[in-house]
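The values are calculated or read from the model by the stated rules, or taken from the named source; none is laboratory data. The model shown is predicted, which means the values in this text are computed figures rather than measured ones. All Cβ positions, glycine included, derive from the backbone under ideal geometry; neighbour counts span all protein chains shown. What goes into the accessible areas is simple: the full protein's heavy atoms, side chains included, and nothing from ligands, DNA or RNA. Shrake-Rupley method; radii C 1.70, N 1.55, O 1.52, S 1.80 Å.
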Amino acid sequence: MRDLSKIVDQLGTLTVSESNKLAELLRAQWEKPRKPNPLLSRYEGEVCDAMVRRLEQRVGQTRDSLRWPEKENHRHPVELTFKLGNQLFALEHTLIEPFEGHIRMEAQTERLFAPITSALTESLGTDALFQLQLPINVLNGRKPSELQTIQQAIIGWVKETAPTIPKRPFPDYKGNGVGPVKPAGVPFDLVLMRHEPPIIPGKHFEIRHTVDDIEKRRSDRMKAAIDKKFPKLAAWKANDGAKTILVLEQNDIQLTNVTNVTDTYLPLAQARDDRPDETYLVASCMGPPAWWMWPILIGDRSYYDIARSDETSYWEFDPAKLTNLTNR
């Protein structure tokens, strides 16, 4: 507080010209676009807009009376509330990850894995997809010189090993492989798989991460999200009669999909009385040209119940047409 008093005293000595200049600098800093934080969702606002559009389509009403309780410092700070007709909705978003640290690892992809991918993408021919499998987080926290040495050892091993992996006698997606093996200069096991023809046309090299106890890790992360989000939504339902919506955002395509999200979410959510009225999954990692949305739990009906019925079990959205509703 003493420092604040000094600042106030100093501001009082500014001339009109100096005050105007300071105001311009502060305004420019305030209005400067924020750089996206790679550890957070880049698409929270767009995912929320996709969710609202889906509800508008279903109800046949247009959104109205939008509020942003988190920005209002509300006691129960959900991302967004709005009305469709006379019904109030409370919407909460969360970015899910398959295990703790996955988002941070993805944020470091350029530094950790791009040198490997860049060196191998055009070096292994075009007949097959070579998939390098390595344990999660094994490159994290290493000094630059050590990291570069390991990267070069991996590149050399893949280039040497790939031509020795035999083709399968008939085309399928099982693949042949080498490993697990710990090559010279690499302090962890690697597996190299050959898939022919390529699973994705035109893609000839990729890195996949292997995870021990993935289901337990996934469940632990989902429980943490539920413990944080459910009580806020439940308060809006109890206090304001809101219909509560939770939208899960998936930005990982390797370890996350609608079935394992549903399998993880259902037992955790159905064991609680404060679960939201409706829960959805949006895969923001799939676009462009389209993001996909699935219903995970609507009332007592799961994704599997809906998928087995004649009802639509997924929807597509063009991300280019979505609005950032939360400006984050």
Q: Calculate the dipole size of segment 252-328 relative to its Cα centre from +1 charges on Lys and Arg beta carbons and -1 charges on Asp and Glu beta carbons; express the result in debye to the nearest 20.
A: 240 debye
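Quick one: putting +1 on the C-beta of Lys and Arg, -1 on the C-beta of Asp and Glu, what dipole do you get for segment 282-324 around its Cα centre, in Debye to the nearest 20? If you can, show how the numbers build up before the last one.
Numbers: 3 positive and 6 negative charges, 27 e Å.
Roughly 120 debye, rounded to the nearest 20.
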Q) So which of Lys83/Lys216; Lys71/Lys229; Lys159/Lys203 end up more than 26 Å apart by C-alpha? A) Lys83/Lys216
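Counting other Cβ atoms within 10 Å, which GluC sites (Glu not before Pro) in segment 118-172 have at most 13 and lie in a DSSP loop?
Details: sites: Glu122, Glu146, Glu160; in loops: Glu122.
Answer by residue number: Glu122.
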Q | Formal net charge of residues neighbouring Pro276 (Cβ-Cβ distance under 11 Å; K, R +1; D, E -1) | A | +2
Q. Over all Cα pairs of segment 187-240, how is the pair count split among 10 Å bins, expressed in % and running from 0 up to the last occupied bin?
A. 16, 24, 23, 19, 13, 6
Q) Given the protein chains as shown and a 1.4 Å probe, how many square angstrom of Asp213 are accessible, to the nearest 10? A) 110 Å²
